[in-house]
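What follows is one structure encoded as structure tokens, with my remarks underneath.
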Amino acid sequence: MKNGIMSFLEDKITLPDSVDRLASRFNAARPYRHLVIDNMFPDKLLDQLVTEIPPMTDDHWVHEDDDHLQKYGLRSAVELGETGYQLTSFLHSAGFLYFLSELTGIWQLLPDPYLQGSGYHMIPPGGKFDVHSDRNTAYETGLTRRLSMIIYLNKNWKHEYGGQFELWNSDGTRQEAIVEPLFNRTILFEIAEPNFHGVPHTVACPNGRSRNSFLVYYHTAGASGQTNEAPHTSIYAPSFYRQNESTVRKLVKDITPPIVLRALKSVSGRKK
């Protein structure tokens, strides 16, 4: 099956090289294992996917807005249109899971049909997502997050619009790689610590546009060879490279769990 999985997928995806060579590129990538593939999916499919992006209302989206991120995420997988269901079903199919395993060396991958934290993501003008290491556990199931795959949906996207996806070094102090969020560009990367990444520079696209993507997570029941780590949400890189706040204040914000920060803000607000 090592060399034959594409015989089941050749009419569904297009690859620029053999699976073996792409696997070598994935493993050799720096600062950590990742792979960027252009035009992997049919343009027609993604064109239709774009037309199904739900209206910007609270019924469809979760608006995340704090010191570290300003973005919108799909509220529920049931908000998908017909094309979204078809794409998600394919990305969760046995054939595609085998393909990912051959590409990454991570076996027994499990899908997430509920799209918890995934699906459509939208960053509006002025939005960002600071450099971070991803949540390591699917809270609802206890499964271990292993891979993230992001499909960009931005036609005619100009560099000056910003929104570039950045991969950073292991201590979160230096950018090592950058990916332009162009239409039908896909990035697959390993979720592990400390695999820092983000969209730290604010999006500057024209009003009426946004930086759009479709994201899928893949899991395993535990992670062989890795030490057991307590479940955690996103861990943000130390923000010493910023100049607009004191080092001490930023360090406190970076190491304090979000739930504690929210509680402190709530208490402070009541005292005013």
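No lab work stands behind these numbers, since they all come straight from the coordinates. Everything quoted here is computed from the prediction, not taken from an experiment. Positions of Cβ are generated from backbone atoms using ideal geometry, with glycine treated the same way; all protein chains shown enter the neighbour counts.
Using the C-alpha gyration tensor of the stretch 5-237, what are the square roots of 5 times its eigenvalues, in whole angstrom, with the largest one first?
So the equivalent ellipsoid measures 24, 22, 19 Å along its semi-axes.
What's the FRET efficiency of Asn207 with Glu64 using the Cβ-Cβ distance as r and R₀ = 30 Å, to the nearest 0.05?
0.90
Please label the shape of the stretch 6-46 as rounded, prolate or oblate, based on the square roots a ≥ b ≥ c of the eigenvalues of the alpha-carbon gyration tensor (a/c under 1.5 means rounded; beyond that, a/b larger than b/c means prolate, else oblate).
In terms of gyration-tensor shape, oblate.
When the chain is fully extended, how far beyond the present Cα-Cα distance does Asp11 get from Thr137, taking 0.36 nm per residue of separation?
42.0 nm
Using the Cβ atoms and a cut-off under 10 Å, what net charge is assigned to the surroundings of Gln164, where Lys and Arg are +1 and Asp and Glu are -1?
Cβ neighbours under 10 Å give a net charge of -1.
My understanding is that a pair violates if its Cα-Cα distance is over 25 Å; which of Lys128/Lys155; Lys12/Lys128; Lys12/Lys71; Lys12/Lys155 do that in this structure?
Checking Cα-Cα distances, Lys12/Lys128; Lys12/Lys71 exceed 25 Å.
Enumerate by residue number the chymotrypsin sites (Phe, Trp or Tyr not before Pro) in the stretch 136-210 meeting two conditions: DSSP loop (anything except H, G, I, E, B), and at most 14 other Cβ atoms within 10 Å of the site's Cβ.
Tyr139
Give me Glu10, Glu64, Glu190, Glu166 ranked fewest to most by other Cβ atoms within 10 Å of their Cβ, as a rough exposure proxy.
Glu10, Glu64, Glu166, Glu190
Give me the net charge of Arg75's neighbourhood, meaning all other residues with Cβ under 11 Å from the Cβ of Arg75; Lys, Arg count +1, Asp, Glu -1.
-3
Cβ under 13 Å from Ala204's Cβ, Ala204 left aside: what net charge do those residues give with Lys, Arg +1 and Asp, Glu -1?
Result for the neighbourhood of Ala204: +3.
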